[in-house]
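Worksheet: one structure, shown below.
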Amino acid sequence: MLQVNNISKTFNPGTINEKKALNGVSLHLNPGDFVTIIGGNGAGKSTLMNAITGVWPVDEGSIILDGANVTGMPEYKRAKYIGRVFQDPMMGTAPDMEIVENLALAYRRGKGRTLKWGVTAKEKEFYKKRLSILGLGLEDRLTAKVGLLSGGQRQALTLLMASLQIPKLLLLDEHTAALDPATAAKVLRISDEIITADNLTAMMITHNMQDAINHGNRLIMMHEGKIILDIQGEEKKNLTVENLLQKFRDVSGEKLENDRMLLSD
Amino acid sequence: MSFATYFASLNPMNLLSSMPGAVAQGLIWGIMALGVYITFRMLDIADLTVDGSFTTGGAVTVMLKLAGLPMWECMIVALLAGAVAGLITGILHTKLGIPAILSGILTQIALYSVNLRIMSGAANKSFTYGEKDLFVTLGNTTLSIIVGGAFTLVIIVLLYWYFGTEQGSALRATGSNHAMSSAQGININNMKIIGLALSNALVALSGSLLSQYQQFADVNMGRGAIVIGLAAVIIGEVIGLAILGKHLNFLGRLIFVALGGVIYYIVISIVLWLKLESNDLKLFTAIIVALFLAVPYLKKQSKNSFRKAKKKGEMSDVAGK
């Protein structure tokens, strides 16, 4: 479904702030793969997602999505294929617009924006049904401005929007990191349900090793702009945080020094 | 001059007789305010192109009329000329990476020369004396109010429709959240260009109507137009919120913004009646706009000020002892 072939990206080349953020990353995802991504700060996890969504062009390599080469496509064109949830709950929704308007915008992802009416009556019923999956009571607040919702509610809504048009790829970028533990667990559960229901191909960055082990069928670890571990199948099922840390030491020859990753349970 | 003689010199009849003209002009500027509303409130861009495109609207109208075109054709060309001006600002901003406010200033300055070119180098041009083919005119304020009101109404309905469509929603989303819009497949650069073109088209139409109303176009007629437009937007919103509160929906907002122009001109008439120097009008307008823009900020600050924190701290210290 997704083929990332040997991509590289250097920020601020030729300056004192030069940073090789991606260093020859290759990754192949099969349809229905749900990959969790872990790694320390600056390992290149978010950079990889930005490369896939096309926030900027990569320096080298190619990105192929469901057979189509998207390497030269800007973000708004790739959006047709990709659903995305950001770390910051404020980033995924338009606060000045109603819940139903946000959903309608997402429902038209990848289609031309014509002069037809922005939300039809028929859609509203569909949105209500989808919103009720979240179990947050949002289905009764269709015309509420999204700016009035809590971070967790907005994140759940973004998740729904990302999957309203079945995406070829769903990208979750630490989408529960800014939420309180109870809300984070709920949003994570909803993510699992949506991915399973539509058999989506998905990638999820997390700083929580246990979450990375519990979710998905495949786990990759990044370090200094490279993928250093790729674990799937039975091996993934039997992983523990302990042997994940051991593997990291074996592969990188360093200790994983990231308190945020170690301390979170 | 003592207060008594000052008040004695004010004639209420003068004020009353100036009202129809104020309403007519206010309606014309209300159309301009609707244009400013699109960029200022929806796209969050203070677009200074309008000072130039307003004049362009007037200049194009007068020159084409003098060339013998029917008035409605002159107005359509004026509208399109405004759209082109907005398009240029949009391209400067989105394709060439120039900050929005500077892009607007560049187009505005360029338009000064362009407007003089349009008027064959003259600083002002009048319609032929006794021109009959005017939609609005100073000579017939009642007619001007009716026609101005009709134009405003049609434009409000069109804007309300447009911003409810898929494209209009995408434009609103662009102003509300760039990251989200891109992620939803919206080309935010194109949306900004469309918004700027639409806004300046309305501004030029307003300029066209004003040139008809005053029966000439002047290269300086748009100077400070952005401030008048902002004044109308802000006055309209404040009054709309005061009257309707939470029930102020989008349609209501558009209506009140257009009315903001009328209220602005009524206030100006009153101020002039109170014998304020007309040369000081722009200073007066700037102060009003600055005040209204500052109030929401100051309100927020007063809830969140260090001085208050200090006072509270001292009080609890005293209580603690």
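The values are calculated or read from the model by the stated rules, or taken from the named source; none is laboratory data. Keep in mind the model is a prediction, meaning the values are calculated, not measured. With ideal geometry, Cβ positions are generated from the backbone for all residues, glycine too; neighbour counts draw on all protein chains shown. Areas reflect the complete protein model, heavy atoms only, side chains present, ligands, DNA and RNA absent. Shrake-Rupley method; radii C 1.70, N 1.55, O 1.52, S 1.80 Å.
Results, tabulated for the structure shown:
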quantity: Magnitude of the charge dipole, the protein assembly as shown, Cβ model with Lys/Arg +1 and Asp/Glu -1, debye to 20; calculated: 860 debye
quantity: Burial order of peptide ranges B:303-313, B:186-196, B:101-111 (average beta-carbon count within 10 Å, highest first); calculated: B:186-196, B:101-111, B:303-313
quantity: Distance in nm between pseudo-label sites at A:D180 and B:L241 (7 Å out along the Cβ direction from Cα); calculated: 2.9 nm
quantity: Amide H partners (placed H, <5 Å) of A:T71, local residues excluded; calculated: A:I63
quantity: Relative compactness, the protein assembly as shown, computed as alpha-carbon Rg over 2.2 N^0.38 Å; calculated: 1.19
quantity: Angle between chain A longest axis and helix A:181-197 axis [Cα atoms, degrees, rounded to 10]; calculated: 80 degrees
quantity: Gaussian network model of chain B, Cα within-10 Å springs - most flexible of B:V267, B:V295, B:V60; calculated: B:V295
quantity: Where A:H223, A:H28 fall by accessible area, highest first, once all protein chains stay in place (1.4 Å); calculated: A:H28, A:H223
quantity: Local net charge near A:N12, Cβ-Cβ under 13 Å (Lys/Arg +1, Asp/Glu -1); calculated: +1
quantity: Chain A: mean projected area of Cα convex hull, nm²; calculated: 15.1 nm²
quantity: B:I288 accessible area, 1.4 Å probe, all protein chains in place, Å² to nearest 10; calculated: 50 Å²
quantity: Inter-label distance for B:N140 and A:R249, nm, one decimal - labels placed 7 Å from Cα along Cα-to-Cβ; calculated: 9.4 nm
quantity: Extension gain, B:R223 back to B:M13 (0.36 nm per residue minus Cα-Cα distance, nm); calculated: 72.5 nm
quantity: Residue-averaged beta-carbon neighbours from other chains (10 angstrom radius) around B:184-192; calculated: 6
quantity: Cα centroid separation - the stretch A:212-242 against the stretch B:147-172, whole Å; calculated: 53 Å
quantity: Once the Cα gyration tensor of the stretch B:68-165 is diagonalised, semi-axes √(5λ) in Å; calculated: 29, 23, 11
quantity: Segments B:123-135, A:74-86 sorted - mean Cβ within 10 Å per residue, highest first; calculated: A:74-86, B:123-135
quantity: Residue pairs, from the table B:K192/B:K246; A:K20/A:K168; A:K20/B:K95; A:K116/A:K145; A:K77/B:K95, whose Cα atoms sit over 20 Å apart; calculated: B:K192/B:K246; A:K20/A:K168; A:K20/B:K95; A:K116/A:K145
quantity: Cα-based helix-to-principal-axis angle, A:121-134 vs chain A, degrees rounded to 10; calculated: 40 degrees
quantity: Values of log10 I(q)/I(0), in the order q = 0.10, 0.16 Å⁻¹, for the stretch A:149-244 under a Debye, Cα-only, solvent-free model; calculated: -0.28, -0.72
quantity: Label-to-label distance, nm, for residues given as A:I166 and B:V157 (7 Å Cα→Cβ offset); calculated: 4.3 nm
quantity: Cα lying deepest toward the dipole's positive end in the protein assembly as shown, options B:T61, A:M221, A:S150, charges on Cβ; calculated: B:T61
quantity: Lysines with Cα under 29 Å of B:K282, excluding same-chain neighbours fewer than 8 positions away; calculated: B:K125, B:K299, B:K300
quantity: Chain lengthening between B:K311 and B:A122 when straightened (0.36 nm per residue, less Cα-Cα); calculated: 61.8 nm
quantity: Cα centre as origin, Lys/Arg/Asp/Glu Cβ charges: the stretch A:1-144 dipole, Debye; calculated: 380 debye
quantity: Average beta carbon contacts from partner chains per residue of A:114-124, 10 Å cutoff; calculated: 3
quantity: Cβ neighbours within 10 Å from other chains - mean over B:160-169; calculated: 5
quantity: In range of the label at A:L115: residues from the stretch B:148-190 whose backbone nitrogen is under 11 Å from the point 7 Å along Cα→Cβ; calculated: B:162
quantity: Intensity falloff of chain B expressed as log10 I(q)/I(0), Debye formula with alpha-carbon point scatterers, at q = 0.10, 0.12 Å⁻¹; calculated: -0.62, -0.85
